[in-house]
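Q: Once you've had a glance at the structure underneath, I'll fire off some questions.
No value in this document is a laboratory result; all are computed from the given coordinates. Model, not experiment: these values are computed from the prediction. Here the Cβ positions follow ideal geometry from the backbone for every residue, glycine too, while neighbour counts run over all protein chains shown.
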Number of protein chains: 2
Amino acid sequence: MDHGNPTLEVQAQLLRTLAHPARLYILQLLRSGEVCVCHIQAVLGERQATISQHLMALRAANLVRTRKDGLRVFYRIAQPHLLEALDSLRPLAIGAAGATARRAPRLRLMPSRGRCTCPRCQASSA
Amino acid sequence: MDHGNPTLEVQAQLLRTLAHPARLYILQLLRSGEVCVCHIQAVLGERQATISQHLMALRAANLVRTRKDGLRVFYRIAQPHLLEALDSLRPLAIGAAGATARRAPRLRLMPSRGRCTCPRCQASSA
DNA sequence: GAATCACATTCGCGGATGTGAATGTAGTCT
DNA sequence: AGACTACATTCACATCCGCGAATGTGATTC
């Protein structure tokens, strides 16, 4: 069923999932490999629940996968082509800068690339 | 200003503009060249005002350009790489089909590829 | 087993978005 | 000029999304 063109709704759903600066930034964070939630939280400077909600959205869209290691949960990109597709879309955004740009959630990043207690952060804090 | 990472908001804005099945379909319609509004209206089967609003959103994002010819207004893709970027994003949507898929505006297309009085439609009605 | 940590989930509110109805506007025709 | 066509714009309402607050869950440590 869905005789006509069913994928348009699905594609729009994917785009809505991507259409938030925090989620875009999280995906960029995962570019270099898997990252724990506490790390994302430290860098983004948003509340834990808020970040968890964004991660939930990314999971629901099958864009990321998780791995539990003790108390921590590590997130990684599920579909490798995702970042390439986003990269190819980026230059178009520059041309669209003049758009109405209503909401603008303003995503303030932590100045010092916040540290958490995860191994990754301990390693880079040398 | 905007020291940190200002493009994330702009990129999210672009994605939100794209995140609607009607607008995605309009962009696909424009793939083969410029198309008048009456044609889009005939194919999409939505109200004229609704379509005009979607076109307004696409214009605000600099994704399409217009050309007036008499009473009609012809729309065309402004940035050629847009469709490529959307194509590269499409396979990811298939994997994301299991997403919550809340709204789903359901975009019903006209069965017979509706005709309007524009030259393009007259030509193909042979 | 009680406390704690790291993360997930639910609920409710405010702001943003989509759509229908009505109206406005520029161009064409007679 | 008046009527008509093709399209744009505005307003109001219903819906959706993001966020804060509060709570739940599983694993760890003492």
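Q: Looking only at the stretch A:62-78, how many residues end up being part of a loop (DSSP other than H, G, I, E, B) and buried (at least 17 other Cβ atoms within 10 Å of the Cβ)?
A: The number of residues fulfilling the criteria is 3.
Q: Turning to a different aspect of this structure: Can you pull out every residue in the stretch B:43-53 that is part of a helix (DSSP H, G or I) and within 9 Å of DNA strand D (Cβ to nearest atom)?
A: Once the filter is applied, which keeps residues that are part of a helix (DSSP H, G or I) and within 9 Å of DNA strand D (Cβ to nearest atom), the stretch B:43-53 yields B:Q48, B:A49, B:T50, B:I51, B:S52, B:Q53.
Q: Out of the stretch B:46-72, which residues are within 11 Å of chain A (Cβ to nearest Cβ), touching a residue at least 12 places away in the same chain (Cβ under 8 Å) and within 10 Å of DNA strand C (Cβ to nearest atom)?
A: B:A57
Q: Out of B:R16, B:R23, I need the residue that is in contact (Cβ under 8 Å) with a residue 24 or more places away in the chain and assigned to a helix (DSSP H, G or I). Which one?
A: Within the list B:R16, B:R23, the selection yields B:R23.
Q: Check B:H39 against each of (1) outside any helix (DSSP H, G or I); (2) within 9 Å of DNA strand D (Cβ to nearest atom) and name the one condition it does not meet.
A: (1)
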